[in-house]
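Only the coordinates and a few stated rules stand behind these numbers; no lab work does. Keep in mind that what you see is a predicted model, and the values were worked out from it rather than measured. Positions of Cβ are backbone-derived with ideal geometry, glycine not excepted, and every protein chain shown enters the neighbour counts.
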Amino acid sequence: MRRAFTAAAFLLILWGTIVAATGGLDVRLAGVAIRSRDPFRALMIAVAILLVQAVVWRPLLIEDLELLGARLRRGAPALAAIMALMLGGYAVKFGSFGVGGADSYGYVNQAYDWVSGQLPRPIPLPLRLSLPISDELQTPLGYRLGPQPHTMVPTYAPGLPLIMAVALLAGGCGPFFVVPIFAVLLVWFTFRLGERASGPIAGLLAALSIFFSLIGVAYRPARLIPAALLLALLAVAMGGRHNRLGALAPGLGALCFVVGMAVAVITSNPIY
């Protein structure tokens, strides 16, 4: 019975956290509508349950928490892998599979130029018009006039386009999967770095911070990224002499917060 109350407290904490992060839940189970908009009720009930247990069954609560910590350490790699895959799925679902601006066109088209063999030399322009700005008119976004007459060269560094060029081996949509794949790897290797530095729980907290930070760039940065920063600071505090490594997580979280809030202000539908 006591452990059932402990489990209920942690489920309420999870529920409140999800509601706080998403702004509310509206689901149906067996035709019954379940709506939740206020995270504080769930969190207050959970805190009350844990406080009562801390007073009445303190030794047993400590034992339960130690058992939970042991299980969390064992399951940390699996949880980190699940988070990484969830982030990759999120990026695929809400990411763009088309080019609509200078950056996206410049990167993707340069990848095609590498595959076709037109790079790394200047690309000839197809037409020779009598207009004085003929070459400028034929130079697309992401390119500029080349060193030789009637040629053009990319304006973007070749690093990402070269990776996209390799991804083209998987098909025409290959370049658009590069960022989701790298997002998955970022979360996973953040966990591995934290695990090597301070153990699986610190690694999981660091990976969770990166996960929330990257999600927060496109979705509710004011809600998600402060929580990510707190998780990152916890991971840093657990890092001991590895604080420089752990500082990567709060640094990235702060950067994502600034970018996410800027996009949220500039556009009515951030990122996607």
Practice prompt. Arrange Ser198, Ser96, Ser209 by Cβ neighbour counts within 10 Å, fewest through most, would you?
Written response: Ser96, Ser198, Ser209
Worksheet item: Which whole-number percent is the relative contact order of the stretch 102-172 (Cα, under 8 Å, 6+ apart)?
Response: 39
Worksheet, complete the sentence: Computed over the stretch 6-122, the relative contact order (Cα-Cα under 8 Å, seq sep at least six) in percent reads 17
Item to complete: Report, to two decimal places, the Cα Rg of the stretch 58-164 normalised by 2.2 N^0.38 Å (N = number of residues).
Response: 1.96
Worksheet entry | Leu68-Ala8 pseudo-label distance in nm [points 7 Å out on the Cα-to-Cβ vector] | 1.5
Worksheet item: When the Cα atoms of the stretch 102-172 are enclosed in a convex hull and the volume is divided per residue, what value in Å³ results?
Response: 84
Worksheet, complete the sentence: Gyration tensor on Cα atoms of the stretch 142-195, a ≥ b ≥ c root eigenvalues, a/c under 1.5 rounded, else prolate if a/b beats b/c, else oblate, says prolate
Discussion item. Between Ile34 and Leu85, what is the label-point separation in nm under the 7 Å Cα-to-beta-carbon projection?
Written reply: 2.3
Fill in: Charged-residue dipole, Cβ positions (Lys, Arg, Asp, Glu), the stretch 18-108 about Cα centre, Debye nearest 20
180
Worksheet item: How do 150-157, 106-113 rank on mean C-beta neighbours within 10 Å, highest first?
Response: 106-113, 150-157
